[in-house]
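The values are calculated or read from the model by the stated rules, or taken from the named source; none is laboratory data. Here the structure is a predicted model, which is why all the values come from computation and not from measurement. Using ideal geometry, Cβ is built from the backbone for each residue, glycine included, and neighbour counts are taken over all protein chains shown.
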Amino acid sequence: MSKVKPAPLAPDTVIGGYKIVRKVAAGGFGVVYLALDTEGLQVAIKEYLPASLATREPGELTPRVQPEKLSLYRLGLKSFFEEGRSLAQISHPSVVSVLNFFRENETVYMVMNYLEGASLQDFIITAKDLKNQKVFRESTILSLFDEILRGLRIVHQHKMLHLDIKPANIFVTDDNRSVLIDFGAAREVLSKEGNFIRPMYTPGFAAPEMYRRDTPMGPWTDIYAIGACIYSCMQGYPPNEAPQRKEKDRFATALSRLRGIYSDNLIEVVEWCMALDPLARPQSVFALQKEINREGERRYTKLTMGEKVRMQFDSMLTDSKKSVRGAADAGGKKK
C-alpha cells in the first residue's frame with residue numbers, strides 16, 4: 001500500500017501575505033501553488049514538503065515529521081532555503097525568477113514569477129503525434145537552446161548546477177521565451193543508502209556520474225542533459241539511460257538514423273554533449289555555445305535510396321512496437 005501524500009494547502013490560505021489560489025503541481029520534495037500577492041498579481045509559490053519525510057492532514061498548515069526523520073527534514077529545509085537565496089541573485093530571462101523566500105509553518109516557501117505557456121515536453125509530445133519526419137526544425141532547436149544555454153551559463157557562473165534539466169523543466173512561455181524551471185534537484189537530498197547525499201536524477205537525461213559516488217559533478221553534468229534534451233527534440237523521445245548505454249551503447253546507431261534529416265553539425269554536438277566519459281564532453285557552457293554558434297555551412301550526409309528506405313522501415317517498426325506496447329498496457333489496466 002502506497003503512503004498517503006501530504007495534503008496541499010487549501011485555496012484561500014494566506015502565507016507570508018500571499019493568498020493561495022490552487023495547487024499547480026506536486027513532486028517528491030514539494031508542492032507548487034498559484035497564488036496572489038498583496039496587489040492581486042499572480043505568483044507561483046513552491047513549498048518544501050518532502051513526501052518521504054513529512055505528512056499533513058487536509059486543512060492543516062504545519063507538516064508533521066516523525067522524530068527519527070527530523071534531522072533529514074531540517075537538512076533538506078536548509079538546502080531548500082539556500083537554493084532560494086542563490087536563485088534570487090540570478091536575474092536572467094531564461095532562468096525562473098525567485099522574487100521572495102520565507103520561513104513559515106515550520107517549512108520554507110519560494111515565491112517565483114508565474115509563467116504562462118507549456119513545457120518543452122508538451123511541445124515534443126504534440127509534435128511527435130503529427131508524425132512528421134522532423135519532430136522540430138533544426139532552426140527551432142538552435143534558437144530554443146541558444147536561450148537556455150545563455151541562462152545556464154549564468155547559473156554556472158553563480159557556482160550552481162541544475163542537475164535535473166529535461167524537457168519537462170524547460171518552459172516555453174506564451175511570449176516565446178524559453179525558461180529553465182524547477183531547480184529542485186539542485187538541493188541536496190539523502191539517498192536511500194546510508195548518509196550519502198546525492199541529487200535526484202531523471203533516467204535518460206542524467207549523466208553517468210549521477211549514478212556513482214566516486215565521480216565529481218560539474219557543468220559537464222548539466223551539458224549531458226542538454227544533449228539529451230536536443231536529442232529528444234530530434235527523435236521525439238529520450239535516449240537510453242546511462243547505465244544501459246554503459247552495458248551496450250546503441251547511441252551512435254540511433255544518431256546515425258538522423259543523418260540527412262538534421263545536419264551533421266547538430267548530430268556531432270549531441271554526440272559530444274552525451275559522451276559517457278565526463279572529460280570527453282564540453283567542460284563549460286561557453287565551449288558548447290562556441291561550437292553551436294560557429295559560422296560555416298551546415299553539412300548534411302547524403303543518403304542512398306537504400307539507406308532512406310531502411311530508415312523509414314526502422315521508424316515504422318519503432319512506431320509499431322510502441323503501439324503494441326501501448327495496447328498491452330491498456331489491456332493490463334482493464335484487468
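Within the range 222-231, identify whether any single residue is outside any loop (DSSP other than H, G, I, E, B), of a type in the set (S, T, Y), at pLDDT 90 or above and surrounded by fewer than 19 Cβ atoms within 10 Å (Cβ to Cβ), and answer yes or no. Spell out the reasoning first.
We begin by selecting, within the range 222-231, every residue outside any loop (DSSP other than H, G, I, E, B); these are 222-231.
Checking the rest, the ones that are also of a type in the set (S, T, Y) come to 224, 231.
Then keep just the ones that are at pLDDT 90 or above; that gives 224, 231.
So of that shortlist, the ones also surrounded by fewer than 19 Cβ atoms within 10 Å (Cβ to Cβ) come out as none.
No, there is no match, as no residue in the range 222-231 is outside any loop (DSSP other than H, G, I, E, B), of a type in the set (S, T, Y), at pLDDT 90 or above and surrounded by fewer than 19 Cβ atoms within 10 Å (Cβ to Cβ).
Please determine whether any residue of the range 85-99 is out of contact with any strand residue (DSSP E or B) (no Cβ under 6 Å at 6 or more places or on another chain), closer than 17 Å to D164 by Cβ and surrounded by 14 or more Cβ atoms within 10 Å (Cβ to Cβ).
Taking the range 85-99 and keeping what is out of contact with any strand residue (DSSP E or B) (no Cβ under 6 Å at 6 or more places or on another chain), we get 85-86, 89-93.
Then drop every residue that is not closer than 17 Å to D164 by Cβ, which leaves 86, 90.
Retained after the next criterion (residues that are surrounded by 14 or more Cβ atoms within 10 Å (Cβ to Cβ)): 86, 90.
Yes, because at least one residue in the range 85-99 is out of contact with any strand residue (DSSP E or B) (no Cβ under 6 Å at 6 or more places or on another chain), closer than 17 Å to D164 by Cβ and surrounded by 14 or more Cβ atoms within 10 Å (Cβ to Cβ).
Yes/no matrix, rows are residues, columns are (1) closer than 18 Å to A7 by Cα; (2) out of contact with any Asp or Glu (no Cβ under 9 Å at 6 or more places or on another chain):
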| position | (1), (2) |
| --- | --- |
| V24 | yes, yes |
| F29 | yes, yes |
| Y33 | yes, no |
| V43 | no, no |
| G59 | yes, yes |
| L70 | no, yes |
| G76 | no, no |
| S79 | no, no |
| S86 | no, yes |
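Just so you know, in the range 29-57 the residues that are surrounded by 13 or more Cβ atoms within 10 Å (Cβ to Cβ) and of a type in the set (G, A, S) include one that is nearest to the chain's Cα centre (by Cα), and it is G30. Cβ-Cβ distances below 7 Å connect the following pairs, each with a first residue in the range 253-273 that is in a strand (DSSP E or B), a second residue that is crowded, with 21+ Cβ neighbours inside 10 Å and of a type in the set (V, I, T), and a separation of six or more residues or different chains: R259/I267.
All conditions but one from (1) acidic (D, E); (2) without any contact (Cβ under 8 Å) to a residue 24 or more places away in the chain; (3) surrounded by fewer than 12 Cβ atoms within 10 Å (Cβ to Cβ) apply to E116; the one that does not is (2). Taken together, R85, R103, R150 contain a single residue that is under 18 Å from the mean Cα position of the chain (by Cα) and among the basic types (K, R), which is R150. In summary, I148 fulfils each of the numbered conditions (1) in contact with a Leu (Cβ under 9 Å, 6 or more places away or on another chain); (2) surrounded by fewer than 18 Cβ atoms within 10 Å (Cβ to Cβ) with the single exception of condition (2). Residue count for the range 42-68, restricted to those that are free of Cβ contacts under 8 Å to residues at least 12 places away in the same chain and either assigned to a strand (DSSP E or B) or closer than 16 Å to V96 by Cβ (or both): 1.
Restricting attention to the range 130-143, and to residues there that are under 18 Å from R294 (Cβ atoms) and among the hydrophobic types (A, V, I, L, M, F, W, C), which single residue is surrounded by the fewest Cβ atoms within 10 Å (Cβ to Cβ)? It would help to see each step written out before you state the result.
So in the range 130-143, the residues under 18 Å from R294 (Cβ atoms) come out as 138-139, 141-143.
After this cut, where a residue has to be among the hydrophobic types (A, V, I, L, M, F, W, C) as well, the list is 141-142.
Values: I141: 20, L142: 18.
Taking the candidates together, the pick is L142.
Take the conditions (1) assigned to a loop (DSSP other than H, G, I, E, B); (2) surrounded by fewer than 19 Cβ atoms within 10 Å (Cβ to Cβ); V24 misses just one of them, which is (1).
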